[in-house]
1. Only one of (1) under 13 Å from the mean Cα position of the chain (by Cα); (2) closer than 25 Å to ARG63 by Cβ is not met by GLN121, so which one is it?
2. For the range 130-172, give me each residue that is of a type in the set (A, V, I, L, M) and either within 14 Å of TYR107 (Cα to Cα) or at pLDDT below 95 (or both).
3. Got a sec? Which helices (runs of 4 or more DSSP H) wholly within the range 28-139 have at least 3 residues that are of a type in the set (Val, Ile, Thr)?
4. Would you mind finding the one in VAL201, VAL195 that is under 26 Å from the mean Cα position of the chain (by Cα), surrounded by 18 or more Cβ atoms within 10 Å (Cβ to Cβ) and over 18 Å from ILE127 (Cβ atoms)?
5. Under 7 Å between Cβ atoms, which residue pairs at least 6 apart in sequence (or on different chains) link something in the range 215-232 that is outside the structural domain of VAL201 (by TED's automatic domain parsing) and of a type in the set (Gly, Ala, Ser) with a partner that is surrounded by 15 or more Cβ atoms within 10 Å (Cβ to Cβ) and modelled with pLDDT of 95 or more?
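The values are calculated or read from the model by the stated rules, or taken from the named source; none is laboratory data. All values derive from a computational prediction rather than experimental measurement. Here the Cβ is made from the backbone with ideal geometry for all residues, glycine too, and neighbour counts use every protein chain on show.
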Amino acid sequence: MKPVLIVALSTLCMTLLGCSPDPQELLVKGKSLMEQGEFGEAVPYLDRAIEQRSDWSEAYNVRAVAYFEQGEYEQAVKDLSQAIDLDSSSYKPFYNRGNAYQQLEEYQKALQDYTYALNMQPNIKDIYINRGVVHYLLENYEQALEDFNFALRIAEEDQTALLNRAKTQVALQQWDAALTDLEKLARTQTNNANVFYLLGVAYLQTGQQESGCATLQKAAGMGDNTASQALQQYCSS
């Protein structure tokens, strides 16, 4: 309730007294709009906060997130670089810039930022997951697996880390390990066609033909075209 109260008082100040809200009020308003998913509407408030405090690293970081959520990744990188220039003691701008670089497919820059962020905060699972994704995209599967393993040491039930580790194990043809992760995922992600497709493949690769075909059939029934192709190739006879 406190942010709403601050916004209400700020509005009263602007409309009745003709005074301007201070940068903190503008930042709070921008964050409040972002929490509601109104990222475009948040930007003007953050613009005004930065106009009043051009040396405020946090405001640049917050505005960068608003740009990121609108798909304006280059503008996000620009703001995050400014945030880092002003204050390089926080891991958040490095992590966020790594995410923006990933979307721009500038993978080496993303890896550098994620690694820098981890050097400052080595116990943030999301950084390991996102760096692992970039390694996977670059086909650095061993490094990706290491990152997903680290993430799961921090949060052993994290579904995103578990699925990405399973995909990496499939890429490395570590079928028994992949099967263990995928069976665990199938118990919780009962509507995830990709999980059942990968599980079906893992069953086939470990000699479990009947389970593999049945699982691929389930994935195909969920609309997974790759599973349908695999059914025709491995289970049609």
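1. Exception for GLN121: condition (1).
2. VAL133, VAL134, LEU137, LEU138, ALA144, listed by residue number.
3. Per the criteria, 125-137.
4. Just one listed residue meets the conditions, VAL195.
5. That search, which allows pairs on different chains as well, returns nothing.
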